[in-house]
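Only one structure is covered here, and it is reproduced in the block below.
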Amino acid sequence: MRISTKGRYSLEALLYLALLPAGNYTSTRSIAEHTGISDGYLEQLFIPLRKAGIIQGIRGPQGGYIPGKPLEAIRVGDILRAVEGPLELAACVKPKFCPLEASCIPRHTWSELYEAINRYVDSITLRDLAEAYYALDKQEYTI
């Protein structure tokens, strides 16, 4: 499994939205300026994120995007699945996909790993990422 730029950039854009004051809409142009992700690519990424209810947007001069739910209700797994699809390691982990399902030892391993990855990405919320960002920002660095 590999998280593509769609997943990485979506997570980065959502973190940017999470760090803004609550209720402040921002444009993809502003997100692009602050993250380095192209405005056009953000627009493409935001289509499935809007459909999943992860973000909401309004049009017009004062329009833009905000998180579609409270930050603690948006999980990293939700974001990744919205833009990447299922986080499968191998196609055989789908139920009833493999004719050797009952006796295939590697399938059992892939299935357990798939479940562990999904549990982990679902345990991290956008609120957690924002708090981690603020904690990093407060650290003092000495050389």
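Here are the numbers for the structure shown:
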{"item": "Residues within segment 53-97 that are surrounded by 15 or more Cβ atoms within 10 Å (Cβ to Cβ), at pLDDT 90 or above and aliphatic (A, V, I, L, M), tallied", "result": "10"}
{"item": "Matching entry among 26, 35, 5 (being among the β-branched types (Val, Ile, Thr) and within 25 Å of residue 114 (Cα to Cα))", "result": "5"}
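Every residue, every condition in (1) surrounded by 14 or more Cβ atoms within 10 Å (Cβ to Cβ); (2) polar (S, T, N, Q), yes or no:
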| site | (1), (2) |
| --- | --- |
| 2 | no, no |
| 9 | yes, no |
| 17 | yes, no |
| 23 | no, no |
| 27 | yes, yes |
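Yes or no, residue by residue, for (1) within 30 Å of residue 111 (Cα to Cα); (2) over 17 Å from the mean Cα position of the chain (by Cα):
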residue: 35; (1), (2): no, no
residue: 40; (1), (2): no, yes
residue: 51; (1), (2): yes, no
residue: 64; (1), (2): no, yes
residue: 74; (1), (2): yes, no
residue: 86; (1), (2): yes, no
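The values are calculated or read from the model by the stated rules, or taken from the named source; none is laboratory data. Only a predicted model underlies this, so the values are computations on that prediction, with no experimental measurement involved. Quick reminder, even Gly has a Cβ in these numbers, built from the backbone with ideal geometry, and neighbours come from all protein chains shown.
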